[in-house]
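Just below is one structure, and these are the notes that go with it.
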Amino acid sequence: MVNDTAKKHNVTPALVLLRFVLQLHLAVVVKTAYVERLEANLRVQDFDFDNEDMAKLHALESKVRFFVFKFLQSHPDFPTQG
């Protein structure tokens, strides 16, 4: 699904995932030591997902968190809801 969406928008799978999180209005910290990747990451502002893309990507939710912030647990997009 991620690869299909990347092809549809002519971007990398990494940009698909980055855009998805940003469209959920969640903060993202991107780290790279490579100027090329930094420049590529800036392309995340060049496209948006429609409701269909967002629904398909949301269905892939893995319910994994590396950092759990208790104050975010009531957010509707918190991965362990439901």
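What label, among (i) 9.8; (ii) 6.0; (iii) 6.8, belongs to mean projected area of the Cα convex hull in nm² computed from the structure on display? Entry (ii).
Distance between the 7 Å Cα→Cβ label points at residue 39 and residue 8: 2.9 nm. In loop segments of region 1-71 as defined by DSSP, the GluC sites (Glu not before Pro) with at most 15 further C-beta atoms inside 10 Å of their C-beta are 61. Remark: region 39-50, residue by residue, has Karplus-estimated 3J(HN,Hα) of 5, 5, 4, 5, 5, 4, 8, 7, 8, 10, 9, 7 Hz, where x stands for each Gly or Pro and the curve is 6.51 cos²θ - 1.76 cosθ + 1.60 at θ = phi - 60°. Restricting the trypsin sites (Lys or Arg not before Pro) of region 1-49 to loop positions (DSSP other than H, G, I, E, B) with no more than 14 neighbouring Cβ atoms within 10 Å leaves 31.
Each residue in 30, 11, 2 was given a count of other beta-carbon atoms within 10 angstrom of its own, and listing them fewest first yields 30, 2, 11.
Taking each DSSP H run with n ≥ 4 as -39500 (n - 2.57) and averaging over every residue of the chain yields -11500 deg cm²/dmol at 222 nm. Fewest neighbouring Cβ atoms within 10 Å first, the residues 69, 78 line up as 69, 78.
So which residue, out of 49, 71, 20, gets the largest mean-square fluctuation from a GNM of the chain using Cα contacts under 10 Å as springs? Among 49, 71, 20, the largest GNM mean-square fluctuation belongs to 71. Taking label points 7 Å from Cα along the Cα-to-Cβ direction, residue 56 and residue 78 give a separation of 3.0 nm.
A short reminder: the numbers here are calculations on the coordinates, not readings from a lab. All values derive from a computational prediction rather than experimental measurement. Cβ atoms come from the backbone with ideal geometry, glycine included; neighbour counts cover every protein chain shown.
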